Amino acid sequence: MRGSEWIQIVFVFGIGLLAWVRPLEMRRRLRIALLAIIVPAAILTARFAFHGFAGSVVRDWLPAALLLVPYWQAGRFFTGPDAGIQKWLAQTDEKALHVFRRIIGSSENGGWARYFETAYLMCYPLVPIGLAALYLGHHRAAADFYWIVVVLASDICFAITIFVPALPPRSVPDLASSFAVAANHVRKLNLEVLNRGSIQAITFPSAHVASTTAVALVLTRFLPVTGAIFLAIAASIAIGAFLGRYHYFLDVALGAIEAAAVFLVCCLVFRR
């Protein structure tokens with residue numbers, strides 16, 4: 001078993017076990033348990049049903065398909081926001097919003113809004129694109145290390161999210177109106193994706209920021225120029241997450257910090 005595969009299995013089973021000690025409805029517990037079964041079933045199928053080069057390639061890409069399973073598990077724990085936590089997070093936004101107003105002038109500036117909304121939309125394809133970059137750069141052997149860093153950075157966010165229940169700023173009337181966001185087609189697409197596929201709560205720290213930062217940092221080890229480009233995109237995603245009111249400043253900042261910490265620890269442990 002690969003290291004990244006063990007990490008995915010341990011996290012989904014850990015969250016599954018946590019569901020039975022938290023005050024949840026039985027139907028929520030059962031759905032969390034069902035999601036936990038999907039990950040090892042898929043991993044074992046890929047390991048034993050596919051052989052040789054084809055099997056290795058399938059296992060390289062499978063973590064991308066399973067990455068959101070613990071996210072959906074964490075979402076089943078969310079029954080409503082904690083008012084105290086939400087207030088605390090909102091307080092951290094005030095100074096950051098003031099700084100961004102001075103830099104970009106207005107949150108309703110159409111050019112900036114479209115750029116950062118487009119950057120935020122990139123958080124979804126950036127993870128598999130990062131693996132494709134390793135393939136194209138002849139570093140396919142680093143695929144497991146890539147997923148160890150990305151999966152750890154993401155799953156830690158999902159696990160912590162269970163204990164930090166809060167709505168995203170865009171869903172809190174007072175916070176959404178405090179920093180008006182320009183409407184455009186890209187924002188409408190972002191909101192449509194989130195309305196249909198998200199857990200309707202923030203991840204804390206931001207898993208979008210953590211995963212894309214982790215991708216960029218791994219690429220800097222093997223493909224420095226490509227990694228630098230990905231870091232610029234990851235930074236834009238982080239800013240877009242905040243300015244678009246998809247996340248609070250604190251969970252964006254902690255997402256980047258947590259990813260950097262995971263990357264450094266993995267480099268030390270695996271001598272990469």
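The values are calculated or read from the model by the stated rules, or taken from the named source; none is laboratory data. Given the structure is predicted, the values throughout are model-derived calculations rather than measurements. Glycine gets a Cβ as well: all are built from the backbone with ideal geometry, and neighbour counts include every protein chain shown. Calculation scope for accessible area: heavy atoms of the full protein, side chains included, ligands and nucleic acids excluded. Shrake-Rupley method; radii C 1.70, N 1.55, O 1.52, S 1.80 Å.
It is to be established whether one or more residues within the range 214-227 are part of a loop (DSSP other than H, G, I, E, B), open to solvent by less than 50 Å² (accessible area, probe 1.4 Å) and of a type in the set (A, V, I, L, M, F, W, C). Yes: the range 214-227 contains one or more residues that are part of a loop (DSSP other than H, G, I, E, B), open to solvent by less than 50 Å² (accessible area, probe 1.4 Å) and of a type in the set (A, V, I, L, M, F, W, C).
Within the range 81-111, how many residues turn out to be open to solvent by less than 90 Å² (accessible area, probe 1.4 Å) and modelled with pLDDT under 65?
Filtering the range 81-111 down to residues open to solvent by less than 90 Å² (accessible area, probe 1.4 Å) leaves 81-86, 89-90, 92-93, 96-97, 99-100, 104-107, 109-111.
Then keep just the ones that are modelled with pLDDT under 65; that gives 104-107, 109.
The number of residues fulfilling the criteria is 5.
The helices (runs of 4 or more DSSP H) falling completely within the range 119-210 that include 2 or more residues that are open to solvent by 20 Å² or more (accessible area, probe 1.4 Å) and over 22 Å from ASP82 (Cβ atoms) map to 126-136, 143-161, 185-197. Taken over the range 30-55, the criterion of being of a type in the set (S, T, N, Q) and farther than 18 Å from TRP147 by Cβ is satisfied by no residue.
Would you point out the residue of the range 14-28, among those that are surrounded by fewer than 17 Cβ atoms within 10 Å (Cβ to Cβ) and out of contact with any Lys or Arg (no Cβ under 7 Å at 6 or more places or on another chain), that is nearest to PHE158 (Cα to Cα)? Within the range 14-28, the match that is nearest to PHE158 (Cα to Cα) is GLY14.
Would you check which residues across the range 14-29 are under 24 Å from the mean Cα position of the chain (by Cα) and more than 14 Å from VAL151 (Cβ to Cβ) and list them? Walk me through how you get there before you give the answer.
Initially, the range 14-29 is screened for residues under 24 Å from the mean Cα position of the chain (by Cα), giving 14-19, 22, 28-29.
Residues satisfying the conditions are GLY16, LEU17, LEU18, ALA19, ARG22, ARG28, ARG29.
A quick yes/no check of all residues on (1) over 13 Å from ARG2 (Cβ atoms); (2) part of a helix (DSSP H, G or I):
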position: LEU24; (1), (2): yes, no
position: ARG27; (1), (2): yes, yes
position: LEU30; (1), (2): yes, yes
position: ILE43; (1), (2): no, yes
position: ARG47; (1), (2): no, yes
position: ARG59; (1), (2): no, yes
position: LEU62; (1), (2): no, yes
